[in-house]
1. Say we look at segment 23-53 and pick out the residues that are aliphatic (A, V, I, L, M), part of a loop (DSSP other than H, G, I, E, B) and closer than 21 Å to Pro9 by Cβ; which of these is modelled with the lowest pLDDT?
2. Report yes if some residue within segment 68-75 is more than 18 Å from Glu146 (Cβ to Cβ), in a helix (DSSP H, G or I) and at pLDDT 95 or above; otherwise report no.
3. Pick from Gly153, Gly123, Gly135: which is in contact with a His (Cβ under 8 Å, 6 or more places away or on another chain) and at positive phi?
4. Here are some residues: Ser129, Ser169, Ser140. Which one is at pLDDT 85 or above and among the hydroxyl-bearing types (Ser, Thr, Tyr)?
5. Pairs, please: C-beta under 9 Å, at least 6 apart or cross-chain, first residue free of Cβ contacts under 8 Å to residues at least 12 places away in the same chain and in segment 1-26, second in a loop (DSSP other than H, G, I, E, B) and buried (at least 16 other Cβ atoms within 10 Å of the Cβ)?
6. Of a type in the set (D, E, K, R), buried (at least 19 other Cβ atoms within 10 Å of the Cβ) and either in contact (Cβ under 8 Å) with a residue 40 or more places away in the chain or in contact with a strand residue (DSSP E or B) (Cβ under 6 Å, 6 or more places away or on another chain) (or both) - does that describe any residue in segment 170-179?
7. Quick one: in segment 107-143, which of the residues that are among the charged types (D, E, K, R) and over 30 Å from Glu49 (Cβ atoms) is surrounded by the fewest Cβ atoms within 10 Å (Cβ to Cβ)?
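The values are calculated or read from the model by the stated rules, or taken from the named source; none is laboratory data. Everything numeric in this text was worked out from a predicted model, so none of it was measured. Every residue, glycine among them, receives a Cβ derived from its backbone with ideal geometry; neighbour counts consider all protein chains shown.
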Amino acid sequence: MILIVHAHPYPSRSRATHALLRAAMTLPDVTVHSLYERYPDFDIDIAVEQSALSQADLTVWLHPLYWYSMPGLMKHYIDKVLALGWAYGSARANGANGQADETATAGRALHGKHCLWAPSTGGDIEAYSAAGVHGHSFDSLSMPIEMTARFCGMFWQPPFVLHGAHSVSDDELTLKTAEFKQRLQDWSATHVSKAALS
């Protein structure tokens, strides 16, 4: 199962992210959690979100880039849902003999699962270069996101980035949405093949 965690503060104004989401939703076994629609008050149902992540084989973090990172609710989601003792680390509990039992809840809920980061940017690809307005490559921005996934034991997939979301032509957007859909299909085909062989 593929879980798309979608975070756009103004989903009705989103042309690019909405197009990617629409394309992905035509695939089987895709579930979408649009955070700003589900939690407008930022009161995240942690148990529901952890359950969805537990069932997913691939989690996609889909959002526009906000100040070189993710929108506020997406960051809040990661802070709350990827909790100590569940997504990483271990929570100590007392065993039957009264001694600490570190195996009671080992934070391995996401170990072995896959993560795909799919951000969109307002600037074009040239803006994210040493000579561009941002002065750095886009790859330099992915490190905190990648380390979050890897720290939770997830397999990091090469990011899918849609640059120039405000100015991309309809034809270019159609091509990018088809490319995004194909990425998900290719991942599913590979994953199903490996599962059948194991």
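1. From segment 23-53, those aliphatic (A, V, I, L, M) are 23-25, 27, 30, 32, 35, 44, 46-48, 52-53; that's our starting set.
From what's left, part of a loop (DSSP other than H, G, I, E, B): 25, 27, 44.
Keeping just the survivors that are closer than 21 Å to Pro9 by Cβ gives 25, 44.
Numbers: Met25: 94, Ile44: 98.
Residue satisfying both the conditions and the ranking: Met25.
2. Looking through segment 68-75, at least one residue is more than 18 Å from Glu146 (Cβ to Cβ), in a helix (DSSP H, G or I) and at pLDDT 95 or above.
3. On the way: Gly123 fails: at positive phi; Gly135 fails: in contact with a His (Cβ under 8 Å, 6 or more places away or on another chain).
Residue meeting the stated conditions: Gly153.
4. Values: Ser129 fails: at pLDDT 85 or above; Ser140 fails: at pLDDT 85 or above.
Criteria check complete, one pass: Ser169.
5. Note: pairs meeting the criteria are His18/His8.
6. Taking segment 170-179 and keeping what is of a type in the set (D, E, K, R), we get 170-172, 176, 179.
Within this subset, residues satisfying the condition of being buried (at least 19 other Cβ atoms within 10 Å of the Cβ) are 176.
Restricting the remaining residues to those that are either in contact (Cβ under 8 Å) with a residue 40 or more places away in the chain or in contact with a strand residue (DSSP E or B) (Cβ under 6 Å, 6 or more places away or on another chain) (or both) gives 176.
Yes.
7. We begin by selecting, within segment 107-143, every residue among the charged types (D, E, K, R); these are 108, 113, 124, 126, 139.
With the extra rule that they be over 30 Å from Glu49 (Cβ atoms), the set shrinks to 124, 126.
Working: Asp124: 16, Glu126: 12.
Out of the qualifying residues, it is Glu126.
Okay, residues lined up against (1) free of Cβ contacts under 8 Å to residues at least 60 places away in the same chain; (2) closer than 18 Å to Leu141 by Cα; (3) among the small types (Gly, Ala, Ser); (4) buried (at least 20 other Cβ atoms within 10 Å of the Cβ):
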position	(1), (2), (3), (4)
Pro40	yes, no, no, no
Ile44	yes, no, no, no
Ala52	yes, no, yes, no
Tyr66	yes, yes, no, no
Met70	no, yes, no, yes
Lys75	yes, yes, no, no
Lys80	yes, no, no, no
Trp86	yes, no, no, yes
